[in-house]
Amino acid sequence: MMSEAEFLAGLTGSPNDLVLAVRALRESGQPFCLIGGLAVNHYAEPVVTLDADFAITAATGAAAALRAAGFTVEEFPHSLNAMLPGSRLRIQITINSRYGSFPTRAVTGTLFGVELPIASLADVVQGKLWAATDATRRRSKRTKDEADLIRLAESHSQVFDLVPSGILSGMDEIRPQL
């Protein structure tokens, strides 16, 4: 049977890109946590994604630590994008934004054999809600974010309390009648 780490390596083409990214973020000394689709996979039945999204409180040292680990890094005012040459895993780091407090509430989890801080369930829901209702994002991305919220709600009924009625039709369709 294939391990989770072997599965990820088969998808990305690199045996240790997630390990190296997490190690580099730890070395930056800044609090961080996993957000986005991989964080959803921690709380619900997993689906495949090649994005590893992180929230970090400040950029200080993160880009340098990623470069030292062998990543190619693009720096933007509020984010970093990093890729390990030869890998298809896209590391996307949001810096000191509305996600800035997420690392303080993160839980420790294991994903693909890597122990790392993962945004709390409530924070993952909030991030997905922001993304699903952001009219500036492509419709396909918003639809995926809504599907992620539905997956979370199917696994954790308290998610319904975190998503107001009338905002997402897909959530309203499965919302339990009280």
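The values are calculated or read from the model by the stated rules, or taken from the named source; none is laboratory data. Since this is a predicted model, take the numbers as computed values, not measurements. Heads up, the Cβs are rebuilt from the backbone with ideal geometry, glycines too, and the neighbour counts pull from every protein chain shown.
Data table
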| item | result |
| --- | --- |
| Test: residue in region 32-55 that is more than 30 Å from S157 (Cβ to Cβ) and not aliphatic (A, V, I, L, M) | no |
| Count of region 152-178 residues which are part of a helix (DSSP H, G or I) and within 21 Å of the chain's Cα centre (by Cα) | 8 |
| Residue list for region 130-148, filter: over 13 Å from the mean Cα position of the chain (by Cα), in a helix (DSSP H, G or I) and hydrophobic (A, V, I, L, M, F, W, C) | W130, A132, A147 |
| Count of region 51-60 residues which are over 21 Å from T108 (Cα atoms) and surrounded by fewer than 16 Cβ atoms within 10 Å (Cβ to Cβ) | 1 |
| Filtered residues of region 79-121 (kept if under 13 Å from the mean Cα position of the chain (by Cα), part of a helix (DSSP H, G or I) and either exposed (fewer than 15 other Cβ atoms within 10 Å of the Cβ) or of a type in the set (F, W, Y) (or both)) | F102 |
| Close pairs from region 146-158: first farther than 15 Å from G127 by Cβ and of a type in the set (D, E), partner assigned to a helix (DSSP H, G or I) and modelled with pLDDT under 95, Cβ under 8 Å, at least 6 apart | E154/I174 |
